[in-house]
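Report on the following structure.
The values are calculated or read from the model by the stated rules, or taken from the named source; none is laboratory data. No experiment lies behind these values; they were computed from the predicted model shown. Here Cβ is always computed from backbone atoms with ideal geometry, including for glycine, and neighbour counts include all displayed protein chains.
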Amino acid sequence: MRNRTRRTALAASALVAGLALTACSSDSGSGSSDDADRLDNGDLSTVSIGVHSGWDEGIAVSALFQAMLEEDGYTVESQEADAGVVYTGMAGGDFDVNFDMWLPVTHADYLEQYGDDLEQLGVWYDDAVLTIAVNEDAPITSLDELAENADAFGNRIVGIESGAGLTRITQDEAIPTYGLEDMEFVVSSTPAMLAELQGATEAGENIAVTLWRPHWAYDEYPVRDLEDPEGAMGEAEEIHTVGRTGFSEDYPTLTKLIEEFTLSDEQLFSLENLMFNEDGGSDPLASAQTWLEENPEFVTDLKESAGV
């Protein structure tokens with residue numbers, strides 16, 4: 001049984017934390033070019049990372065970069081918050097970088113709202129999908145069968161955080177497209193959804209949950225995606241890294257690394273499984289450091305590719 005003790009940030013507490021972060025990260029977020037604040041590679045010495053709460057791939061990659069950067073002498077500040085809080089903070093200069101913008105669909109609203117205050121730095125994963133998943137022995141295989149078989153799933157679809165793009169797309173697209181209005185759509189949190197998925201798996205019960213790839217749940221639980229013949233959940237997406245305005249000027253070396261950074265499924269799933277399964281998710285930075293020790297060629301290859 002997996003026990004996960006990672007904090008889930010509420011919007012109010014995230015805003016308070018964001019104010020505290022602003023005070024301690026003003027040097028990095030202000031776009032200062034004072035040579036005293038820079039490393040020998042030309043980058044500002046302090047980097048603040050905004051991390052979407054509950055999105056494991058973003059937590060994993062943020063911790064991976066924190067481990068790499070601290071090894072190279074950077075001071076790294078990392079803060080989890082709701083996606084809206086992260087992008088608001090980036091637009092205001094309180095965060096320097098975010099590794100988890102899903103485009104062209106999931107975070108399109110945030111890009112439209114804050115895009116003029118962000119720099120697109122690169123795509124590190126190009127096969128990300130939003131799904132509604134069920135236990136692999138469920139009696140249906142497609143979303144167009146779910147309404148007629150709602151009773152088999154307790155007349156419920158278990159979702160994640162209210163501010164997530166996945167939640168919006170499920171509410172605004174999938175539910176009306178497939179006539180699921182009579183089913184209860186439970187808006188909860190990622191940990192709560194995973195707890196219900198684990199409970200249903202252990203009890204041998206049917207369950208329908210909102211999920212996304214990449215996610216370690218596909219390795220841990222016997223689940224499969226429902227087919228989406230109408231394309232309501234959208235096509236495969238890319239995961240982008242975005243920086244605040246002026247990021248590439250303030251971090252020329254880090255920008256080159258980010259532009260060359262990618263993870264294969266094998267690399268990403270091994271990192272996530274170590275972090276959230278074997279280590280329980282309580283200390284992502286320590287897990288990332290362990291992963292880098294086990295994969296020493298990763299940093300070497302990345303720096304060689306980036307020419308730094």
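For the subset of region 192-220 comprising residues that are in contact with a strand residue (DSSP E or B) (Cβ under 8 Å, 6 or more places away or on another chain) and part of a loop (DSSP other than H, G, I, E, B), which member is farthest from ASN155 (Cα to Cα)? Once the filter is applied, the top-ranked residue is PRO214.
Taking only region 193-212 into account, find how many residues are without any contact (Cβ under 8 Å) to a residue 12 or more places away in the chain and of a type in the set (A, V, I, L, M). Residues that pass the stated criteria total 2.
Within region 41-92, restricting attention to residues that are among the aliphatic types (A, V, I, L, M) and without any contact (Cβ under 8 Å) to a residue 60 or more places away in the chain, which residue is surrounded by the fewest Cβ atoms within 10 Å (Cβ to Cβ)?
Initial filter on region 41-92 (among the aliphatic types (A, V, I, L, M)): 44, 47, 49, 51, 59-61, 63-64, 67-69, 76, 81, 83, 85-86, 90-91.
In the following step, the residues that additionally are without any contact (Cβ under 8 Å) to a residue 60 or more places away in the chain were identified as 49, 51, 76, 86.
Values: ILE49: 23, VAL51: 25, VAL76: 19, VAL86: 29.
That would be VAL76.
Screening ASP144, ASP137 for residues that are at pLDDT 95 or above and part of a helix (DSSP H, G or I) leaves exactly one candidate, ASP144.
Test GLU278 against the criterion of being surrounded by fewer than 17 Cβ atoms within 10 Å (Cβ to Cβ) and within 25 Å of THR88 (Cβ to Cβ), and give yes or no. Show your work before the answer.
Values: surrounded by fewer than 17 Cβ atoms within 10 Å (Cβ to Cβ): yes; within 25 Å of THR88 (Cβ to Cβ): no.
For GLU278, the condition - surrounded by fewer than 17 Cβ atoms within 10 Å (Cβ to Cβ) and within 25 Å of THR88 (Cβ to Cβ) - is not met.
Counting just the residues of region 164-182 that are of a type outside the set (S, T, N, Q) and within 23 Å of the chain's Cα centre (by Cα), which one comes out surrounded by the fewest Cβ atoms within 10 Å (Cβ to Cβ)? Give the steps one after another, and end with the answer.
Applying the first criterion (of a type outside the set (S, T, N, Q)) to region 164-182 yields 164-166, 168-169, 172-176, 178-182.
From what's left, within 23 Å of the chain's Cα centre (by Cα): 164-166, 168-169, 172-174.
Working: ALA164: 27, GLY165: 23, LEU166: 24, ARG168: 15, ILE169: 19, ASP172: 11, GLU173: 18, ALA174: 25.
In this case the residue turns out to be ASP172.
In summary, GLU161 fulfils each of the numbered conditions (1) over 12 Å from GLY54 (Cβ atoms); (2) buried (at least 18 other Cβ atoms within 10 Å of the Cβ); (3) among the charged types (D, E, K, R) with the single exception of condition (1).
Scanning region 267-296 for residues that are touching a residue at least 40 places away in the same chain (Cβ under 8 Å) and of a type in the set (Ser, Thr, Tyr) yields SER282, SER287.
Report yes if TYR125 is farther than 22 Å from ASN277 by Cα and among the hydroxyl-bearing types (Ser, Thr, Tyr), otherwise no. The answer is no for TYR125. Restricting attention to region 261-282, the residues that are touching a Lys or Arg at 6+ places or on another chain (Cβ under 9 Å) and within 24 Å of VAL47 (Cβ to Cβ) add up to 3.
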